[in-house]
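Let me begin by presenting the structure, written as structure tokens, before commenting on it.
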Amino acid sequence: LKKQKRLEKEDFTLAFAVRRAYELDPENSEVLALKEKTDTLTNDLIESFLEQAETELEKIEEEDSPLKKSKIYINAMNKYLKTLQLDPENNSALTQNEAIKSELEYIINDLLNSAKDSLSKGDFKGTNSLVKPCSEIDKILYGKYKDALAELLYELHYKWAAALLKKKDYKGASSKIKTAIRAKHTKEANELKKKISRVKKESDFAKSFKK
């Protein structure tokens, strides 16, 4: 408390620690005194987080891209989550949180459909570029789309590995099939992994005779 200039994250850490201490021992005289000293700081932080979230959401109307919209929603939601850590019953944060979750569900479904469409066209890099934003949204949604993402990762890297094998890029194919297996362990993936290893050895053996 004696520190004159603190960063917002330091203020938040202090305010949150005091709130947790008060929850655990609301009759402790030292905790009560500390809570009284930090009440203004806590309220200022809550007001600031709500304002920052609203400022973020104002940018939504300017964006058409689902990817850019998702980043805005995630930034805003992080501010609302911080608000709720300091004030779990804050009505504004609770209401906006639920609204943002609905918007993010719409976006992740849109992105997953786009990823499947790209994959059906053999656009592996395009599909892969959508995996990370989908994963980031899924974290906010507490893993609701975990299985769908695992299936997408598997299908993407299995097909990518097979395509690289045809191009005789054995190192790339090996890397992709390992990623596929991490996402989902299947018999076909194991068979492709063995095939890649076998064909690579045959290729290396043939090259050794040419030297």
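The values are calculated or read from the model by the stated rules, or taken from the named source; none is laboratory data. What you see is a predicted model, and the numbers here were worked out from it, not measured in a lab. Glycine gets a Cβ as well: all are built from the backbone with ideal geometry, and neighbour counts include every protein chain shown. What goes into the accessible areas is simple: the full protein's heavy atoms, side chains included, and nothing from ligands, DNA or RNA. Shrake-Rupley method; radii C 1.70, N 1.55, O 1.52, S 1.80 Å.
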Practice task
Please find the FRET efficiency linking residue 10 to residue 95, where r is the Cβ-Cβ separation and R0 is fixed at 41 Å, and quote it to the nearest 0.05.
Solution key: 0.90
Handout entry: Ranking by accessible area, most exposed first, for 49, 124 with a 1.4 Å probe
Key = 124, 49
Problem - Options (1) 1.05; (2) 1.49; (3) 1.29 - which one matches Cα Rg over 2.2 N^0.38 Å as calculated here - result: (2)
Fill in the blank from the handout: A 1.4 Å probe over the protein heavy atoms gives the chain a carbon and sulfur accessible-area percentage of 50
Exercise for the section: Taking the chain as the reference, fit the longest principal axis to its C-alpha atoms, fit the long axis of helix 91-120 to the helix C-alpha atoms, and give the angle between the two in degrees, 0 to 90, nearest 10. Expected result: 10
Handout entry: Centroid-to-centroid separation of the stretch 84-112 and the stretch 175-195 [C-alpha atoms, Å]
Key = 36
Exercise for the section: Report the label-to-label distance for residue 55 and residue 21 in nanometres (one decimal), using points 7 Å from each Cα along the Cα→Cβ vector. Expected result: 3.0
Problem - Within the chain: Cβ-based charge dipole about Cα centre, in debye rounded to nearest 20 (Lys, Arg +1; Asp, Glu -1) - result: 2940
Handout entry: Cβ-defined net charge surrounding residue 45, 10 Å radius [Lys, Arg +1; Asp, Glu -1]
Key = -4
Handout entry: Nearest 10 degrees, 0 to 90: helix 187-210 Cα axis against the chain principal axis
Key = 50
